[in-house]
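*Asks:* Please find one structure pasted underneath; my questions will follow.
Laboratory data are not the source of any read-out in this text; all were calculated from the coordinates shown. Everything quoted here is computed from the prediction, not taken from an experiment. Here the Cβ positions follow ideal geometry from the backbone for every residue, glycine too, while neighbour counts run over all protein chains shown.
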């Protein structure tokens, strides 16, 4: 037969356990509500969860909406996006909302995949809309790698083929600006090109600063003083 | 001795008057002795540099209510071996860095979509919304130029959303050479985000560069304008755009007014069939709240300032009174696009587009570094200039100008020695307590290959007391009395100082030169006199050089004409007057009028000598004769014109003279 004292002790222990379990459950399920109405704390929680790279940590942001934005979704998307790019997993793109967002994501992913694989066959497995940009990325890299602009002609789409040739000429200009006439560059870059060459000729470093093309400006700064 | 109440009263009164006079004198002297900018105190808060590669550029800065600063721009963060042609292809990331109020870095995010596979992503502007969120705008430039807007948490730089994915609303369908590059960002009263971009169209379709403004809600969804499609648009060549061979329109800034209307600054690159894109013109346009162009406002010629050279409106802000301030660089030689003449700021009427105020600061080789305002509606403009010799950067100076709401300059940062050598300012922000924050490049002056870094700097100006705006330079005028007469002639020269004095007026020193070899030095206050005696007949040029106690100088001259004593000519005398008798060269079509007096009855022969080898003769029975438009003076000089009149009845003659003062272009008349 148990003594009354033992019963009391048992009752207290059970009560403490129930209280702890309840409070734990309560706080766990209400983490998000703690952050409601406190955007600073919500932002910090979001920052912390994203940095953790653990998708389960996004649960603490459930129900938190700041300026119309669902923070749990933002958290999940940041982590999933990072993981998708690490694996070049285009399946992630289908989780995005708008059709244009999905297209852009798949195209970007395809370009990244072919640049990594250096294999044109990679482009066969990408979505139809991403195929031409994927092939353009491949042949652009090949043209640059082999110093052969004619490789751009392997791109069937004439606009993308022109983009490949423009990119080739631009890179050739950055490598040896004196060997490339400004008229060879795309129309939009000819003004900068002329300014670049005047700056080099006159050794006026101010001319470099007026260049809008950033790599061209950087190269100008390096060359004009030599 | 007993003093009556009345006498006592008078004694106290005279004492009070004496005291008041001395007090006034003391305050007068004290006010003259106060240095113009003594009320300002300058305190450098901090400078922070973001670690990047050899080509980092901060392009914009924003500050929140807590004094935390956010800097946006582009940063090189990696160099990868990619091809034989370009062995080291650098990767540019659209970079945003958050700093706390003490200048400590909180976070930094360098974004390229797809990392190394999209190596050219640039940031152009950054802003903080009323809730403290940070927005960074830029573009990705790998195959086409895609617009990019990212909303970051202020605490850790987590991307809340990015707008690249849906291409700013589907109005952007990239094709070859098409580009959408956001350049500026602003907010309206509802916290909606306005993004101004330059959109360059497909060459094949004939659409060329023009202004676009998109609007987003704080959650990243589109807030379309009611009267347009997704974006507000402006083409200088009309609604159809242009294509190659047409003008191209480039956006630089956007600002939203309290009534929801919004303004865009930029410049138009004009196409010339011979020279190609050879000239740039300042342009400011206004859109109504529904997104449609305010055609009337935008057609005001004042919104299209043209110096005849290249002019760019490069930043815009709406003032506290709802009117619009636009700053930019003007007078750029089209053949040398770094030879800017001045930084200009214009205040436009929100109603008409007319100019309410303007200020132009001569600043060779200047670059704009942003425009902003403080809660009082005072305007700040960042600028910098650089110079080099044989490619070596010899000077790179940044500074800040503060204007009042009427665009009177209040101070220049360089006036207390803060000129930021080796800096180029690209962005400026202020807080409500005198803090000024600038972001840009830090360059190595004297280096053959400057390595710009991604920097920002904050300083604080404590504007205690009354701030006296910069004042006009010392000036002096000189008058002679009389200005002409027969020898010997004594003339009294009077010099009067005007303009701002920074020293006691009694410290002014006047050096008078009579123009006849004699000179005298006197000390005076605002006015001083000297007497000159002339014994010979000619035109004397008298001058004064005044030097104030601060060492500043000013000069002035005046003419004194001394003639021979009159020779009695019987019954005839004549006077000559020229009209006009002064002016800038070339001074043409000067009338000469001779007036005969005495007992002569005529008829007369009038023989005029303009004093420069030209002249003419006429006969007239009248006692007064005007030879209209007789004399032309292409060369600046002082001319002594002469008329000889002969009475044809008596053969008596008389001579009259007049002085014509022709001065050079841009010279002030010497009187």
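*Asks:* Using only alpha carbon pairs under 8 Å that are at least six residues apart, calculate the relative contact order of chain A and give it in whole percent. List each step's numbers first, then the result.
*Replies:* Numbers: 218 pairs, mean separation 17.5, N = 226.
Contact order relative to length: 8 percent.
*Asks:* For a quick check: sort B:221, B:657 by the number of other beta carbons within 10 angstrom, fewest at the front. Kindly include the intermediate steps, with their values, before the conclusion.
*Replies:* Values: B:221 15, B:657 19.
If I rank by nearby Cβ atoms, fewest first, I get B:221, B:657.
*Asks:* Compute the distance in nm between two label points, each set 7 Å from the Cα along the Cα-to-Cβ direction, one at residue A:94 and one at residue B:533.
*Replies:* If labels sit at residue A:94 and residue B:533, their model points lie 11.3 nm apart.
*Asks:* Dividing the Cα convex hull volume of the range B:540-671 by residue count, how many Å³ per residue is that? Please report the intermediate quantities before stating the final value.
*Replies:* On the way: hull volume 14.0 nm³, N = 132.
Expressed per residue, the convex hull around the Cα atoms of the range B:540-671 is 106 Å³.
*Asks:* When A:8, B:402, A:51 are ordered from fewest to most other Cβ atoms inside 10 Å of their Cβ, what list results?
*Replies:* Working: A:8 10, B:402 22, A:51 15.
So the ranking, lowest neighbour count to highest, is A:8, A:51, B:402.
*Asks:* Would you mind ranking B:553, A:195 by Cβ crowding within 10 Å, fewest neighbours first?
*Replies:* Working: B:553 14, A:195 25.
Least to most surrounded, the residues fall as B:553, A:195.
*Asks:* Something else: Using only the alpha-carbon atoms, how far is helix A:128-146 inclined from the longest principal axis of chain A? Give it as 0 to 90 degrees, nearest 10.
*Replies:* Once rounded, the angle reads 50 degrees.
*Asks:* Quick check: the distance between the Cα centres of the range A:204-226 and the range B:588-642, to the nearest angstrom?
*Replies:* Using only Cα atoms, the two centres lie 65 Å from each other.
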